[in-house]
Amino acid sequence: MCRWAAYLGEPVFMEDIVTAPCHSLIAQSHHALQAKTATNGDGFGVAWYGERPEPGRYRDVLPAWSDCNLKSLCRQIRSPLFLAHVRASTGGATSRDNCHPFASGRWSFMHNGQIGDFDAIRRKLEHRLPDALYEQLHGTTDSELIFMLMIDQGLDTDPQGATERAVAIIHDVAGKAGIEPKLKLTAAFSDGERLYSVRYASAGTAPTLYAGSFRNGVGRCLVSEPLDQDEPNWEAIPPGSFVTMTRDTLAISAFEPRVRPLALAG
């Protein structure tokens, strides 16, 4: 599965997270330590916030370790809030439209995980979207569809509730299709002001998530894996958690989507 890192705080160069640490996201793209797959070479992307409300983005299909433009941009761009992702595909072609982070208006979103049996329920999930959001689907990944479901469920005003309701929809659609939900969701997303994250799995182990301070409190990070294995300040976020991060606070609450047992679905 994928690896990602997100930062919120005083403006720093993106290279300080993406390329410079000993276990940077670039390093994780070819040698992840806590992922199902060690190599994450099916594309990459970064989304960063600056003086405009919507994020800038750069995405491509090359492995992150071989893209000189990514390294150059990360060395030059200073941002108070950015998301970076390296992809190991669990479905969908290796194309720019399938590379994270995804964006809609001021929101950006990236994901590690998958919807099990996605092809069997994809069409029914897409039918849950209004036309305006369906038209924003540019790729074919389950991740982008989860993002659109969250927006439809009220992401602007209730980020945790919207995420819980989107997860409940996935459970409901799978249950009505007679399929056991197999959802793994460790995602980060932002409205340009706050950084949010969720760690959840309907069964099995949810992909890893850590929170940590950066440079003695200059900022905070949410990451799939610690950027420096020797640093003691990384906090493992437990499964079934929703994280809300501001420049000054980190709040962790229980993530409790209302889902029905498969035997009762339908």
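Average accessible surface for the chain: 43 Å² per residue, computed with a 1.4 Å probe over protein heavy atoms with every protein chain in place.
Sorted on the mean count of surrounding Cβ atoms within 10 Å across their residues, most packed first, peptides 120-133, 233-246 read 233-246, 120-133.
For the peptides 200-208, 2-10, the ranking by mean Cβ contacts within 10 Å, running from highest to lowest, is 2-10, 200-208. Quick one: with all protein chains in place, what share of the accessible area of the chain is carbon or sulfur, to the nearest percent (1.4 Å probe)? Ligands and nucleic acids excluded, carbon and sulfur reach 47 percent. Local charge for Arg258 was computed over the other residues whose Cβ lies under 15 Å away, with Lys and Arg +1 and Asp and Glu -1, and equals -2.
For Trp107, neighbours were defined as the other residues whose beta-carbon sits under 15 Å from its Cβ, and their charges (Lys and Arg +1, Asp and Glu -1) total -3. For the range 72-85, backbone phi angles converted through the Karplus equation (6.51, -1.76, 1.60; θ = phi - 60°) give residue-by-residue couplings of 5, 4, 5, 6, 9, 8, 10, 9, x, 7, 8, 10, 9, 8 Hz, Gly and Pro being listed as x. Across the chain, Cα pairs under 8 Å and at least six residues apart give a relative contact order of 20 percent.
When the charge dipole of the chain is built from unit charges on Cβ atoms (+1 for Lys and Arg, -1 for Asp and Glu) and taken about the Cα centre, the candidate among Ala254, Leu222, Ala6 whose Cα reaches farthest toward its positive end is Ala254. Count Lys and Arg as plus one, Asp and Glu as minus one, and take only other residues whose Cβ is under 13 Å from that of Lys182; the net charge is then -3. Placing +1 on the Cβ of every Lys and Arg and -1 on the Cβ of every Asp and Glu, with no other charges, gives the chain a dipole of roughly 280 debye about its Cα centre.
The values are calculated or read from the model by the stated rules, or taken from the named source; none is laboratory data. Keep in mind it's a predicted model, so treat the numbers as computed, not measured. Because the Cβ atoms are built from the backbone with ideal geometry, glycine has one as well, and the counts that use them run over all protein chains shown. Heads up: the accessible areas ignore ligands, DNA and RNA and are worked out on the full protein's heavy atoms, side chains in. Shrake-Rupley method; radii C 1.70, N 1.55, O 1.52, S 1.80 Å.
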